[in-house]
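Student: For reference, the structure I am asking about is given below.
The values are calculated or read from the model by the stated rules, or taken from the named source; none is laboratory data. Since the model is a prediction, treat every value here as computed from it, not as a measurement. For neighbour counting, all protein chains shown are included, and Cβ atoms are generated from backbone atoms with ideal geometry for every residue, glycine included. Protein only, heavy atoms only, side chains kept; ligands, DNA and RNA dropped before computing areas. Shrake-Rupley method; radii C 1.70, N 1.55, O 1.52, S 1.80 Å.
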Amino acid sequence: MQWIAHKFGGSSLADAECMAHVVGVLGRREDEAQVIVVSAMAGVTDELIALTGLAAEGAADWPGRLERLRARHLDALEALAGDRDEATRSRLVSRFGQLEQLLSGLSLMGSAPIEAVELVSGLGEVFAAELVTAGFNAHDGCQDKRDGNDAAVMIDAREILRVQPTPLMVGVDWEDSSRRLTAFQIERTARRYVVTGFVCRQRDGRISTLGRNGSDYSGSIFARLFGARELHIWTNVDGLLSADPAAVPQAVLLDHLSYREAFELAYFGARVLHPQALAPALESGIPVRVRNTFHPDNPGTLIDAETGDGSPVKGITSIGDMALITIEGAGMIGVPGTAERVFSALHRAEVSVAMISQSSSEHSICLVVPGAGSDRAVSIIERAFEQELRHGQIQRVFAVEGIRILAIVGEAMTGTPGVAARLFNSLSRAGVNVRAIAQGASERNISVAVDEADAERALKAVHAGFYLSEHTLSIGLVGPGQVGKTLLRQIAQTRQGLLERARLDLRLRAVAGSKRMRLAGDQEASLDARALAEDPWSDESGPLDFDAFTRQVNDDHWPHALIIDCTASDEVAERYADWLAAGIHVVTPNKRAGSGPGERYAAVREPVDAGHARWRYEATVGAGLPIIQTVRDLIDTGDSIRRVEGIFSGTLAYLFNRFEPGMSFAELVGEAHAAGYTEPDPRDDLSGMDVARKLVIVAREMGLTMELADIDVENLIAAELTDLGTDDFLSQLGRMDAVMSERLDTARRDDRVLRHVAELDHTGRAAVSLRALPRDHPFAHLALTDNVVAFTTDRYCDNPLIVQGPGAGPEVTAAGVFADLLRVASALGAKL
């Protein structure tokens, strides 16, 4: 049978129950010979190192802590083997006795030499190997046990593995180690060996270790020494993920990686693997599987020499708590050896450099180092360039702390155009500033330095940008009235489909009304849109606090934030500029910002034009009709709009399409209001101001400078009804019946129809009025709530371009808002 190497970490061997589980999992694999490399029980290595320090300091509590550690291991042995393995118990008691003597000696010395620390820190693996071996030999299900042989034989790696420290990593003396292993196998033949991870000896025989987290390295080393067919690294997760799930909950399991991809991910903080662990496996071509001890049926992540298919980016990872050091100076330009002096100085001071970036002009060099050593690194570089700094050849050396390196990794990135563009687009869309960039010639890694405050948002945005997870929008809704509730229902109906089809995750994080608001409690939670459409103000709502509402939506936990304003409020429109400047996208049918004072409009446009966020307002003019988009398309393609004319109000279209002799105009208005066709206050429609606002929005889209006061607006409301409250106005609207009936009769006598028409030309002349049009006029025959807009342009001069369709009602308005939301999502990278 071929050897299969298995390595188990401390979380897999946390207690006797976990160890028994490991024995059961491997004991059932009777078709393989096994090399089982074990770490110390969870927390034991840290406790041993702490005991060493406490004993050297002469602390009084180290004997008690040692006794508790001894009891933990002896109790585990009893749980695994009962009283049937006295030999292992005697060895454990003896080993702990020797440890106690050593710690007593350190206490007398008052210091802990490095040799003593390495000896003590590696004992946890020795204890764990004794226990796991005893577990196998007490397990009746193992084949060797049934045949009367030992089910497992323990190998103390200190008697086999010989190493030599090097500047980069611990080097293995493969020839000596292999010779020692062969001799051991001849003396103790078995089909299952339990090997101590982490520990070894140097060539001169001194006990040593492979360094922190060296048990993975041990697993790879012994897989090579045994000529194993595969190495399985067992941990407490299902395999390697595309990102840290603590930062990106949507991280996905990677079923396959190449060795080099795994190297990159491990170096940049994928904590499942130690960076150097795979080197021996790579050199011998041994496939590695990362698997979950507690889900043994899951195949986990396979790591081998194959590149694999799929996304060019396999994973996104990061290193935090870093600092960016910059050396600037014109005196470096064209001077050879500058970079060498920088890195030589840092090397002598043992400062590790994680990332390097140099401008092509040679005016500056940037490097990223651990944040804890940044001040020291700056001082070292300043000393190395003391003369150049004094003479002004180098202007300054400075550090920026709070930096995180974010790296995308993938073998298939090599030679694939557009990977860097997608990375930077994703970061830009999320409002993340990149401080430094590095890419190797291999192209399998692109690294960027970003501010720690932006790191979580950056990780999520990039992860979604490469379709490794859903694009998530954190959404806040202001105004759950008729349009707002209809929109909530539409979101509820389509949310799952968008998630499955377009990988777009709409998270409703907050809803606000004029006095109340509802916030999603948990950071990952989304409010129930369907339930909110029925009752937005349950017992879970609280008083309105717009600052808290904004913080809830624009949480750094999410890469993208969007606020939907379904009100007709000036107060809410006043907040647009701040929201957009903060990177919050705004979607709205509210006309107040687009048609309000020019100064406010300019303030809203400024962050949009600067690219901070998107402001979509198609529904302000034509509900669900593409009026604004048509204006943009005409202008962007080089056409000139000469004249815009049309019926811009679905409400007034409804009223005058239905208004017949003998009808009460007031009753018609009441019906339209109840159906949701009018503005919350119908006077906005009847006064002509709602249409005038739409005309201002169109004019500004055409590049005209226009205010509401510049439009000649006919007000249909009698003066005595102007200052009443909405309810009082509706109750007294009957006063308009006589006047409106007279205008209708006059039009009919001339064989005409009443239509509410808006006009705008390229010079800025604009008017809104109720006109009597001939019955053969294009505006005379429309469906009940239709809007119609005719664009006369240089291209469409003889036959105007017509946009026509329903222009009022909660359903079409909400659909227009929803369409704008999806346009924003598409611009952010969703696959729509």
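Student: Ignoring everything but the protein chains, give the 1.4 Å probe accessible area of residue 739 in square angstrom, nearest 10.
Tutor: Accessible area, nearest 10 Å²: 90 Å².
Student: Just to confirm a number: summing +1 for Lys and Arg and -1 for Asp and Glu over residues other than residue 161 whose beta-carbon lies under 15 angstrom from that of residue 161, what do you get? Display every interim value, and only then the final one.
Tutor: Working: positive: 7, 158, 162, 179, 180, 201, 203, 206, 224; negative: 118, 125, 156, 159, 173, 175, 176, 204, 216.
Net local charge, residue 161 excluded: 0.
Student: Which links in 485/515; 485/831; 515/694; 314/460; 694/831 stretch past 22 Å when you go from one Cα to the other?
Tutor: Numbers: 485/515 17 Å; 485/831 26 Å; 515/694 28 Å; 314/460 14 Å; 694/831 32 Å.
Distance filter (> 22 Å) returns 485/831; 515/694; 694/831.
Student: Continuing with this model, one more query. For labels at residue 551 and residue 108 in the simple 7 Å Cα→Cβ model, what's the distance in nm?
Tutor: Here the modelled spin labels are 6.1 nm apart.
Student: Loop-only check: which GluC sites (Glu not before Pro) in the stretch 534-571 are DSSP coil with at most 14 other Cβ within 10 angstrom? Provide the component values of the computation, followed by the final result.
Tutor: Working: sites: 534, 540, 571; in loops: 540.
Filter output for the stretch 534-571: 540.
Student: So how strong a dipole does the chain carry about its Cα centre when Lys and Arg Cβ are +1 and Asp and Glu Cβ are -1, to the nearest 20 debye?
Tutor: On the way: 83 positive and 116 negative charges, 342 e Å.
Charge dipole, the chain, about its Cα centre: 1640 debye, nearest 20.
Student: Rounding to the nearest 20 debye, state how big the charge dipole of the stretch 373-416 is about its Cα centre with +1 on each Lys and Arg Cβ and -1 on each Asp and Glu Cβ. Walk me through the numbers on the way to the answer.
Tutor: Values: 5 positive and 6 negative charges, 19 e Å.
Magnitude of the dipole: close to 100 debye.
Student: Here's something else I'd like to know. Quick one: if you stick a label point 7 Å off each Cα along the C-beta vector at residue 101 and residue 674, how many nm between them?
Tutor: In this crude spin-label approximation the distance works out to 9.9 nm.
Student: May I pose another question? Collect residues whose amide H, placed 1.01 Å from N in the peptide plane, falls under 5 Å from the amide H of residue 153; neighbours closer than 5 in sequence don't count.
Tutor: Amide H to amide H, under 5 Å and 5 or more residues apart or across chains, residue 153 pairs with 192, 193, 194.
Student: May I ask for the angle, rounded to the nearest 10°, between helix 174-187 and the longest principal axis of the chain, with both axes built from Cα atoms and the value confined to 0 to 90°?
Tutor: Result, in degrees: 60.
Student: I would also like to ask the following. Using the crude model of +1 on Lys and Arg Cβ and -1 on Asp and Glu Cβ, and no other charge, please compute the dipole size for the stretch 587-711 relative to its Cα centre, in debye to 20.
Tutor: Using only the charged Cβ atoms, the result is roughly 240 debye.
Student: Rounded to the nearest 5, what % of DSSP beta bridges with both residues in the chain are antiparallel? If you can, show how the numbers build up before the last one.
Tutor: Values: 75 of 126 bridges.
The antiparallel fraction comes to roughly 60 percent.
Student: Let me ask you something else. Contour minus end-to-end for residue 732 and residue 642, with contour as 0.36 nm per residue of separation and end-to-end as the Cα-Cα distance? Don't jump to the answer; show the numbers that get you there.
Tutor: Working: separation 90, 0.36 × 90 = 32.40 nm, distance 4.16 nm.
Here the answer is 28.2 nm.
Student: Another one. Relative to the present Cα-Cα distance, how much length would full extension add between residue 328 and residue 501 at 0.36 nm per residue of separation?
Tutor: My answer for the length gained is 57.4 nm.
Student: Within the accessible area of the chain, what % is carbon and sulfur when the probe is 1.4 Å and the other protein chains stay in place? Could the numbers behind the result be given before it?
Tutor: Details: 16470 of 34490 Å².
Carbon plus sulfur share of accessible area: 48 percent.
Student: Just report the Cα centroid separation between the stretch 43-109 and the stretch 582-643, whole Å.
Tutor: 72 Å
Student: Still on this structure, please answer the following. For the stretch 371-518, with the dipole built from +1 on Lys and Arg beta-carbon atoms and -1 on Asp and Glu ones, taken about the Cα centre, which of 506, 462, 449 lies farthest toward the positive end?
Tutor: 506
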